[in-house]
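The next block holds one structure in the form of C-alpha cells; read it before the comments.
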Amino acid sequence: MKRTITFAALVGLALSLLAPKPAYSFFGGLPIDGIRCDATEGVVLHIHSHLQLVDRGRNVVLPAYIGIPSVQPPCLYWLHTHDASGIIHIESPTKRPFTLGEFFDVWGKSLSWSSAGPLHAPRGARLRIIVNGHLWQGRSPREMLLRNHEDITIEVGPPFVPQHPFNWSGM
C-alpha cells in the first residue's frame, strides 16, 4: 500500500511538472536582472506603461500575472501585470530606470528586433515598434526605457494596422 501511494505521488508530481505553465509561474520568485520579488508593491517609484502586441493586424493579449509567480509566500516583481489590459506596473522600492528588456526577462520571453514574446518577424525583417504614435528606432528594443503613461506597440506585419492610443484616464 505504501509503495502505491508513493508511486502515485511521483506520477502526479511528474505530470504537474510537464503541464503547461501560465505566465505567472516562471522563476519562482528568484531575482531577475537585479529585480526582486517582494511581498508588497514598492512605493518609491510607481509608474505605468502600456504594451500592445500586434501580429499581422491582430492584437495578441499580454497575459495577466506576468511577474506575479505562484509561490509561497506570495510576491510581486517590481515589473508586473495584474490583468490582460497590457498595463505594465512598475512599482519599485528604489528609484531607477527600468527597461522593456527587463520586463521581458521577468516574463521569461525573448525580446529583439526579430522577436518579442509570441511575435516573430519573417526572415530578414524586423518588428516595428511604435511609442506614443511615433516609430521607435533605438539601438535595441531591450534598452527601451519604460516611462509613465507611455504607449508601446510592437507589431509584425504586413498588414500594419493603425493603433488607437491607450486611454489613461483613471490610471
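Quick one: what are the phi-derived ³J(HN,Hα) couplings along the stretch 109-124, Karplus 6.51/-1.76/1.60 with θ = phi - 60°, whole Hz, x for glycine and proline?
10, 6, 8, 7, 5, 9, 8, 9, x, x, 8, 9, 6, x, 3, x
Determine ³J(HN,Hα), in whole Hz, for all residues of the stretch 44-55 in sequence, where each value follows from phi through the Karplus function 6.51 cos²θ - 1.76 cosθ + 1.60 and θ = phi - 60°; x replaces Gly and Pro.
The phi angles translate into 6, 10, 9, 9, 9, 10, 10, 10, 10, 10, 10, 10 Hz.
DSSP loop GluC sites (Glu not before Pro) in the stretch 102-171 with at most 11 other Cβ atoms within 10 Å of their Cβ, which ones?
Of the GluC sites (Glu not before Pro), not one in the loops of the stretch 102-171 has a Cβ with at most 11 other Cβ atoms within 10 Å.
At a Förster distance of 35 Å, what's the computed FRET efficiency of TRP136 paired with VAL71, Cβ-Cβ distance as r, to 0.05?
The pair TRP136/VAL71 has a calculated efficiency of 0.55.
Would you work out which of VAL131, PRO118, PRO141 lies farthest towards the positive end of the dipole of the stretch 91-158? Charges go on Cβ: Lys and Arg +1, Asp and Glu -1.
Going by the charge dipole, the pick is PRO141.
How about the stretch 73-171: which trypsin sites (Lys or Arg not before Pro) there are in a DSSP loop, with at most 14 other Cβ atoms within 10 Å of their Cβ? Before the final figure, lay out each step's value.
Numbers: sites: LYS95, LYS109, ARG123, ARG126, ARG128, ARG139, ARG142, ARG147; in loops: LYS95, LYS109, ARG123, ARG126, ARG139, ARG147.
Filter output for the stretch 73-171: LYS95, ARG123, ARG126, ARG139.
If you look at just the Cα atoms of the stretch 20-156, how large are its Rg and its Dmax in Å?
Answer for the stretch 20-156, Rg first and Dmax second: 14.4, 45 Å.
Give, as a single signed number, the net charge of other residues whose beta carbon lies under 15 Å from the beta carbon of GLU150, with Lys and Arg counted +1 and Asp and Glu -1.
-2
Each value in this text was obtained by applying a stated rule to the coordinates, not by laboratory testing. This structure is a prediction, so every number in the text was calculated from the model and none was measured. Ideal geometry is used to build each Cβ from the backbone, glycine not excepted, and the neighbour counts take in all protein chains shown.
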